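Presented below is the structure to which this report refers.
The values are calculated or read from the model by the stated rules, or taken from the named source; none is laboratory data. In this text the structure is predicted, and so the values were computed from the model without any measurement. Because the Cβ atoms are built from the backbone with ideal geometry, glycine has one as well, and the counts that use them run over all protein chains shown.
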């Protein structure tokens, strides 16, 4: 379906529409660069990303840039899902404890609204339920105060067996 240039619907889909990037890309207070106990090459490609711990869980934040947008001047869904992956995996690894790792059994996301290029997006993760070897986590996504999506994950906890090839 074609949309008239300048119409609200055309703006949503990025037709003749460009947001000004925040050229300073200031990181909100309390966030620090994401750090991983093992090298995560994929995370290096979508970043930089930032984390902060809260009483409820963890916030993973990132700027929506030209490099991680879709054709409509908004965050690509895979970029947002990657933030959910980081938040839920970090929650699970921290909950599992020393000598333990975690992998996703499932991860799904519902999109409510767009995260435009130039916006700071936060994936706010928390643990919903914890079993002996399974964790149920969720993430709510925010641009400012607007909830733009929700992801849910099921994580499997396992014992680590040593270094992984490529770890520094």
>> Anything in region 26-40 that is surrounded by fewer than 16 Cβ atoms within 10 Å (Cβ to Cβ) and in contact (Cβ under 8 Å) with a residue 40 or more places away in the chain? List them, or say none.
In response: 28, 37, 38, 39
>> Tell me the residue from 62, 56 that is modelled with pLDDT of 90 or more and more than 18 Å from residue 143 (Cα to Cα), please.
In response: 56
> Within region 75-96, is even one residue modelled with pLDDT of 90 or more, over 24 Å from residue 31 (Cβ atoms) and surrounded by fewer than 21 Cβ atoms within 10 Å (Cβ to Cβ)?
Replying inline: no
> Identify, please: which residue in region 118-142 is outside any loop (DSSP other than H, G, I, E, B) and over 15 Å from the mean Cα position of the chain (by Cα) and is, among those, nearest to residue 34 (Cα to Cα)?
Replying inline: 127
> Just to be sure, is residue 55 without any contact (Cβ under 8 Å) to a residue 40 or more places away in the chain and more than 24 Å from residue 41 (Cβ to Cβ)?
Replying inline: yes
> If you go through region 61-117 one residue at a time, how many are farther than 12 Å from residue 151 by Cα, assigned to a loop (DSSP other than H, G, I, E, B) and in contact with a strand residue (DSSP E or B) (Cβ under 8 Å, 6 or more places away or on another chain)?
Replying inline: 8
